[in-house]
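Below is one structure; the comments refer to it alone.
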Amino acid sequence: MSDQRHRTDVTHVAHQGGPPARQAVKVATATTIGGALLVLSGLTLTGTVLALIVATPIMVLFSPILVPAGIAVALITAGFLASGGFGAAAATALTWMYRYFAGKHPAGEEQVEYARAKIADTARDVKEKAKEYGQYVQHKAQEVTGTA
């Protein structure tokens with residue numbers, strides 16, 4: 001019996017949410033803010049529609065000028081962004097190279113050393129094959145000149 005009464009008291013208090021005056025203030029505040037935001041969103045929608053109504057004929061009249069100008073502005077903006085990006089990449093690469101040559105062990109040094117070793121091995125192999133091929137060609141040339 002006591003347990004049933006305790007559950008009823010807890011659910012009754014939870015549904016109330018506090019004193020009635022405080023709950024009324026919460027509802028009034030939420031209604032006021034919600035209504036103001038609803039009015040503002042309606043005014044924004046109305047302003048957007050009116051701006052489109054006014055701007056559409058102007059855009060149609062000036063489109064032969066505005067479209068190429070927009071393309072030019074887009075290309076100029078892309079050029080400046082690319083230039084800035086390439087400059088940042090170059091600065092980063094130069095900073096990395098400075099740290100690498102100064103012996104400060106920048107990130108990725110192991111991969112560079114591995115690639116350098118692979119390139120040196122490949123260059124050595126190509127040099128040996130070129131020397132062997134040169135000797136082969138020289139031998140063939142001597143055979144041809146000796147038999148002719």
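Derivation of every value follows stated rules applied to the coordinates shown; laboratory data play no part. Bear in mind that the values here come from a model prediction, so they are computed numbers and not experimental data. Cβ placement follows ideal geometry from the backbone for every residue including glycine, while neighbour counts extend to all protein chains displayed.
Please say if the chain is rounded, prolate or oblate, where rounded means a/c under 1.5 for a ≥ b ≥ c the square roots of the C-alpha gyration tensor eigenvalues, and otherwise the choice is prolate for a/b larger than b/c and oblate otherwise?
Oblate, since a/c reaches 1.5 and b/c is not below a/b.
If the cut-off is a Cα-Cα distance under 22 Å, which lysines reach Lys127, setting aside same-chain residues fewer than 8 apart in sequence?
Lys118, Lys140
Among Gly85, Ile58, Ala69, which residue has its Cα furthest toward the positive end of the charge dipole of the chain, with +1 on Lys/Arg Cβ and -1 on Asp/Glu Cβ?
Final value for the positive-end residue is Ile58.
Please compute the modelled spin-label separation between Ala82 and Lys26, points set 7 Å along Cα→Cβ, answer in nm with one decimal.
5.9
Let me make sure I get this right: for the stretch 108-148, a, b and c are the square roots of the gyration tensor eigenvalues over alpha carbons, sorted descending. Under 1.5 in a/c it's rounded, otherwise prolate if a/b > b/c, else oblate. Which is it?
prolate
Between Gln142 and Ile58, 0.36 nm times their residue separation minus their Cα-Cα distance comes to what?
21.7 nm
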